[in-house]
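The values are calculated or read from the model by the stated rules, or taken from the named source; none is laboratory data. Values in this document were obtained by computation on a predicted structure and should not be read as measured data. Cβ sites come from the backbone with ideal geometry, for glycine too, and all protein chains shown count toward neighbours.
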């Protein structure tokens, strides 16, 4: 695979079919975690690719502004699926070449990468929230939970001195299963529904916050160190059930003969499903080489190899068939998950929701006060949405 990528990176190609010398390295702006970035560096070897890390927080806004300016434009970008509608709707992305669009994408992966009826990016990995336990510990009675009430009961039963039954982040994304379990949801710009306009949203947020107050959920880590703190607690058995996604697996699992191992993964009822995509900006200097790199990074062989090393869930049928056991188990756990509404405002919703969750968990606001503020912000956003 490294040879294939090296050939891609130095290929002499042009958009009009004429052969020419590349202007320079393919500039790849990504959102990889440290283990993913290390895997990428190993895969690329000495290929002519310039890598730039884009912090995930506020990434859509930062990247959107950069692509609109079209100054020092990247050639390839790795983005969250929720960022795609806003970027594509603004005409900031190039469509994938036909041969990439015809790949054997899994239906749920293709849906995340599609905008206005056409594939707008290359799906790189599937993700979402799942429930993770240590494979060395016995499962709670009745596991896996069929609904949120069952999960909360199992988490309370697993709590005790020096041990928390549940690990979850004080983040709007982690609130989604609570909202859905109580009949609420996030706003949907396409349908112009607010999602949190009834008392169910307040009840859901209060329920989530109570898990922290009651000592069932581990104390919320400080922003920026969530992954490290979760992994440390999980490793020493201080968290029985961890609500997280595939991005955390390298820090939680051990390496076995067939890839990452030592974890059991099950569905979290009502959880959101998402994914990571590769896209080429309209302002890219080397679009053909960028799409060739995206094609290699999403090849079934690369996806299968990364599934074993990182636990990432492939987006192609062949990649999934050849994936490691942990990635396949995660794919099964995510089968019943529902993606967030596909709309240009969807990613921005969490700019309001996450601080509200954090404020209630910290005791700085009541659930009613926090949700009222989010309602006002989302109402204005829906009114401005096309």
Notebook entry, point to check: Going by the structure shown, is residue 365 closer than 18 Å to residue 108 by Cα and either in contact (Cβ under 8 Å) with a residue 12 or more places away in the chain or outside any helix (DSSP H, G or I) (or both)?
Noted result: no
Check: Quick one: is residue 153 at negative phi, free of Cβ contacts under 8 Å to residues at least 12 places away in the same chain and not in a loop (DSSP other than H, G, I, E, B)?
Finding: yes
Check: Which ones in the stretch 195-221 are more than 19 Å from residue 361 (Cβ to Cβ) and in contact (Cβ under 8 Å) with a residue 40 or more places away in the chain?
Finding: 195, 197
Check: Looking at residue 184, is it within 16 Å of residue 371 (Cβ to Cβ), surrounded by 21 or more Cβ atoms within 10 Å (Cβ to Cβ) and without any contact (Cβ under 8 Å) to a residue 24 or more places away in the chain?
Finding: yes
Margin query: Would you confirm, using the coordinates I've provided, whether residue 51 is closer than 30 Å to residue 227 by Cα and without any contact (Cβ under 8 Å) to a residue 60 or more places away in the chain?
Written below: yes
Next item on the list: At least 3 residues that are in contact with a helix residue (DSSP H, G or I) (Cβ under 8 Å, 6 or more places away or on another chain) and surrounded by 22 or more Cβ atoms within 10 Å (Cβ to Cβ) in each: list the helices (runs of 4 or more DSSP H) lying fully within the stretch 250-359 that qualify.
Entry: 287-297, 300-310, 325-333
Check: Is it the case that residue 289 is free of Cβ contacts under 8 Å to residues at least 60 places away in the same chain, in the same structural domain as residue 90 (by TED's automatic domain parsing) and in contact with a strand residue (DSSP E or B) (Cβ under 6 Å, 6 or more places away or on another chain)?
Finding: no
Check: Only one residue in 224, 162, 189 is at positive phi and either outside the structural domain of residue 241 (by TED's automatic domain parsing) or in contact (Cβ under 8 Å) with a residue 40 or more places away in the chain (or both). Which one?
Finding: 162
Checklist line | Residue within the stretch 306-323 that is in contact (Cβ under 8 Å) with a residue 40 or more places away in the chain and over 19 Å from the mean Cα position of the chain (by Cα) present | finding: yes
Next item on the list: Could you run through the stretch 232-249 and say how many residues are surrounded by fewer than 18 Cβ atoms within 10 Å (Cβ to Cβ) and in a helix (DSSP H, G or I)?
Entry: 2
Check: For residue 38, which of the numbered conditions (1) under 23 Å from residue 311 (Cβ atoms); (2) crowded, with 16+ Cβ neighbours inside 10 Å fails to hold?
Finding: (2)
Item checked: Filtered residues of the stretch 196-210 (kept if surrounded by fewer than 22 Cβ atoms within 10 Å (Cβ to Cβ) and closer than 14 Å to residue 350 by Cβ) -> none
